[in-house]
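In what follows, a structure is listed as structure tokens, so that the remarks can point back to it.
Nothing in this text is a laboratory measurement; each read-out follows from the coordinates by a stated rule. Note that this is a predicted model, so its numbers are computed, not measured. For neighbour counting, all protein chains shown are included, and Cβ atoms are generated from backbone atoms with ideal geometry for every residue, glycine included.
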Amino acid sequence: MSIPDFSHRDDAVRHHTYASVRRRDGLPQDLFARYWRDVHGPLCARLPGLGYYVQQHFDRDRTANLWPIADGVRRMTAVLDGSAEIGFASLQDQATFAEAGTILYADEANFIGEAVAYNLPRGSRTFVDREQNPAHNGPDIFHRLHIYMARRADAPTDAWLTDSFAAFAAESVVQKVKLHLPEAYSNDRPAPPSPNVAHTVEDDRLNLAVAEIAFESARVAREFFATGLFQRAMAGQATYLTAIGAFLVTGVYTYVRDGKPTTAGLRGSSQAELIEAIGAANQLDRDVSALFVRG
């Protein structure tokens with residue numbers, strides 16, 4: 001019996017941006033998360049041109065033993081609270097979104113202390129995705145990690161990363177693998193253009209690669225790290241990478257998929273969770289949804 005794989009649904013995202021996010025100093029974590037999910041998220045989902053938008057919230061208090069790091073590779077010191085991915089079917093759609101994005105960027109200072117957007121003009125690559133729900137909204141069902149890796153410029157690092165994570169994706173215990181290989185970031189050209197938000201990163205996050213990898217549980221992940229496949233890849237870390245940071249995902253919130261807002265995108269993430277918990281199917285009727293859509 002074949003194991004289902006839904007990675008093909010990401011093929012429509014041809015152009016991609018991956019952004020790391022740290023909450024504003026002095027803002028409680030729960031208030032940050034609620035505002036990002038229920039106020040900023042639906043605002044972003046309403047902007048024209050957007051084909052895909054998902055937030056992944058991190059647990060900044062759990063960082064130990066998430067991902068083995070080889071000798072000769074530094075541990076990143078960055079403190080982050082989540083990531084946002086936005087995707088587009090065409091460059092024209094991306095330009096349309098950027099033109100309308102001023103109101104979105106102006107909102108970020110309300111809750112974000114640092115936001116750094118990495119450009120992926122050729123998109124990202126999803127090797128495998130075994131979650132059936134294309135618009136997950138809520139606590140993560142997997143033990144999911146975002147692995148931040150500082151790429152060496154003097155080695156064929158992208159080929160090694162692609163081969164390594166493609167091999168991981170072929171293992172049945174791995175539930176998802178997505179690889180982001182963005183253009184190098186420049187502190188001289190800060191992005192996104194949100195005022196009163198920091199956009200400067202240390203050297204370890206300038207030439208960054210990010211891998212999303214998910215397992216059924218932390219135990220399954222730990223067993224995978226002991227396999228020969230992973231140990232062979234780990235042996236190459238110092239050749240291709242200078243630093244690694246691992247971040248645990250606590251929740252995944254999808255606001256736009258295939259160019260259409262999800263219930264979370266139209267109503268807010270918490271409201272969408274409530275509609276699902278109550279079983280209020282009437283709230284998904286076209287006539288009801290039309291009241292929350294303009295144009």
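Averaged over residues, the count of other Cβ atoms within 10 Å places the peptides 48-57, 214-223, 104-113, 80-89 in the sequence 80-89, 48-57, 104-113, 214-223, highest first. Looking at segment 7-290, the DSSP beta bridges with both ends there are about 95 percent antiparallel. Helical content alone sets the calculated 222 nm signal of the chain at -7000 deg cm²/dmol, taking -39,500 (n - 2.57) per DSSP H segment of four or more residues and averaging over every residue. Across the alpha-carbon atoms of the chain, the computed radius of gyration and Dmax are 18.7, 59 angstrom. Working ranking of peptides 18-24, 97-103 by packing, defined as the average number of other Cβ atoms within 10 Å per residue, highest first, is 18-24, 97-103.
Relative to one another, the C-alpha centroids of segment 4-33 and segment 135-159 are positioned 12 Å apart.
Once you list every other residue whose beta carbon is under 13 Å from the beta carbon of VAL201, what net charge do they have if Lys and Arg are +1 and Asp and Glu are -1?
Here the count lands on -2.
Angle between the Cα long axis of helix 269-278 and the longest principal axis of the chain, 0 to 90 degrees, nearest 10? Roughly 80 degrees between the two axes.
If you take every residue apart from ARG257 with its C-beta less than 14 Å away from the C-beta of ARG257, what net charge results, scoring Lys and Arg +1 and Asp and Glu -1? List each step's numbers first, then the result.
Details: positive: ARG9, LYS260; negative: ASP10, ASP11, GLU85, ASP129, GLU131, ASP258.
Around ARG257, the charge tally is -4.
Starting with the fewest neighbours, write out LYS260, LYS178 ranked by other beta-carbon atoms found within 10 Å of each beta-carbon. Mind showing how you got there, number by number?
Numbers: LYS260 13, LYS178 22.
Lowest to highest Cβ neighbour count: LYS260, LYS178.
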